[in-house]
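Visitor: One structure, pasted below without further comment.
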Amino acid sequence: MKENSMLRLLIVFPFVLLAACASQVKQNTIILDYSDFGPQVIAGEVVGMEWWQWQSHGEPRPAAYDIKIVVFQDIPLTEVKKLYPVNPDMKKDYRYLKYEKALDFLNSKIDDDVMEKVTSVLEITRTKLISEFNK
């Protein structure tokens, strides 16, 4: 009977460990919308232009691009890119931003306070990041 219990443990343990690692990875990333970093005129500084990264330019008429920003901390960029790969065929466009760089950017633009509406969006984004990563 003990052998069966030990065998089950040996079979189940890797799956438990894997689940724990996956949970840790999810805690080290947050996915936000491009617009959470303000309009393209400022967001472009830190996350690139607001059109598909696989295109050389945007559409002549305004188009909606579903670009996501993956902010990460304590996980290698290579791992983040595996979790959230860019895929032009599926129109999956992820931009990757380290937590510290995101906070520096947000703090700087909030301090500039050029437009109240934009500053408000940036403050909300900063609050999301701080609450997510400082649990």
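Visitor: Could you list all residues from the range 88-111 that are of a type outside the set (A, V, I, L, M) and open to solvent by 50 Å² or more (accessible area, probe 1.4 Å)?
Guide: Selection gives 88, 89, 91, 92, 96, 98, 100, 101, 104, 107, 108, 111.
Visitor: Also, quick follow-up: For the range 82-108, name all the residues that are in a helix (DSSP H, G or I), of a type in the set (Lys, Arg) and more than 19 Å from residue 37 (Cβ to Cβ).
Guide: Listed by number, the list holds a single entry, 82.
Visitor: Select from the range 23-78 the residues that are over 18 Å from residue 107 (Cα atoms), in a helix (DSSP H, G or I) and modelled with pLDDT under 95 and list them in ascending order.
Guide: Across the range 23-78, the qualifying residues are 23, 24, 25, 26, 27.
Visitor: Can I ask one more? Any residue at all in the range 40-53 that is exposed (fewer than 12 other Cβ atoms within 10 Å of the Cβ) and over 13 Å from the mean Cα position of the chain (by Cα)?
Guide: Yes, some residue in the range 40-53 is exposed (fewer than 12 other Cβ atoms within 10 Å of the Cβ) and over 13 Å from the mean Cα position of the chain (by Cα).
Visitor: Out of the residues in the range 112-133 that are under 15 Å from residue 43 (Cβ atoms) and aliphatic (A, V, I, L, M), which is most open to solvent (accessible area, probe 1.4 Å)?
Guide: Checking each candidate, the answer is 114.
Visitor: Looking at this structure, is residue 84 modelled with pLDDT of 95 or more, under 14 Å from residue 47 (Cβ atoms) and open to solvent by 50 Å² or more (accessible area, probe 1.4 Å)?
Guide: No; evaluated as a whole, the condition is false for this residue.
The values are calculated or read from the model by the stated rules, or taken from the named source; none is laboratory data. Bear in mind that the values here come from a model prediction, so they are computed numbers and not experimental data. Backbone-built Cβ (ideal geometry, glycine too); neighbour counts: all protein chains shown. Heads up: the accessible areas ignore ligands, DNA and RNA and are worked out on the full protein's heavy atoms, side chains in. Shrake-Rupley method; radii C 1.70, N 1.55, O 1.52, S 1.80 Å.
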